[in-house]
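Colleague: Structure below; questions to follow.
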Amino acid sequence: MGRKTLIIYESTHHGNTRKLVDAIAEAFPVDTAEISEAVKMDLNTYDRIGLASGIAFAKFYPDMEAFANERLPEGKKVFFLYTCGKDTGRYASHIQKTVEGKGCQVLGVYGCPGFDTYGPFRLVGGISKGHPTEKEIQEAVDFYGALGE
Ligand SMILES: Cc1cc2nc3c(=O)[nH]c(=O)nc-3n(C[C@H](O)[C@H](O)[C@H](O)COP(=O)(O)O)c2cc1C
């Protein structure tokens, strides 16, 4: 029997978000795919799809926002994972609206800090150094576990 959950990830800045995805995939029977692979896959075989991304300019990465808009099949159960330099609690709002607009059910959102050396932060050695921590990674695993079957 095929696996029912696929997590699609884009983690280009420092691989921060990928740490969450890898830990979930170690703990649970889920498939994972980098976004460039996911565009070639048949997503209809999955009941549940996770979208995992770093944050750029207060949204999920542009390719992930576009993927949600253009490629995500309608009517799926969807959850979100992200890492960011400094959280506002609103970074998933835009993509969440897109996904809800496709008649998908949003199951939940998990976000935590991730090492950020973008722009001026580079000059001070970056922010959120050492993040995601082991604890934050475990929280992501627990978040996934709490979604249930
Ligand atoms: C171009 C760019 C823009 C960013 N914009 C934001 C932002 O608006 N808010 C924020 O908290 N972090 C921002 N960040 C930081 C990243 O979201 C953060 O480092 C994240 O953990 C990177 O995830 P990744 O390593 O999985 O790609 C930005 C990073 C880059 C490269």
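Each reported figure results from applying straightforward, stated rules to the coordinates on display, with no laboratory input. Keep in mind the model is a prediction, meaning the values are calculated, not measured. No Cβ is skipped: glycine too gets one built from the backbone with ideal geometry, and neighbour counts run over all protein chains shown.
Colleague: With n ≥ 4 as the cut-off for DSSP H runs, can you work out [θ] at 222 nm for the chain, using -39500 (n - 2.57) per run divided by the number of residues, rounded to the nearest 500?
Modeller: On the way: 5 runs with 46 residues, N = 149.
That calculation yields -9000 deg cm²/dmol at 222 nm.
Colleague: Stokes-Einstein D for the chain at 37 °C, 0.692 mPa s, Kirkwood Rh over Cα pairs, in µm²/s?
Modeller: Roughly 214 µm²/s, to the nearest whole number.
Colleague: Rounded to the nearest 20 Debye, what is the dipole magnitude of the chain about its Cα centre when Lys and Arg each give +1 and Asp and Glu each give -1 at the C-beta?
Modeller: Working: 17 positive and 20 negative charges, 63 e Å.
Here the size comes out at about 300 debye.
Colleague: Taking amide H atoms as placed 1.01 Å from N in the peptide plane, list the residues 5 or more away in sequence, or in a different chain, whose amide H sits under 5 Å from that of Glu34.
Modeller: Under 5 Å from the amide H of Glu34 lie the amide H atoms of Tyr9, each far enough along the sequence or on another chain.
Colleague: Kindly put Met64, Met41 in sequence by how many other C-beta atoms sit within 10 Å of each C-beta, fewest to most.
Modeller: Values: Met64 25, Met41 14.
Ordered from fewest to most neighbouring Cβ atoms within 10 Å, Met64, Met41 come out as Met41, Met64.
Colleague: Below 8 Å between Cα atoms, with a sequence gap of 6+, how large is the relative contact order for segment 5-146 in percent?
Modeller: Values: 251 pairs, mean separation 34.4, N = 142.
Relative CO of segment 5-146 lands at 24 percent.
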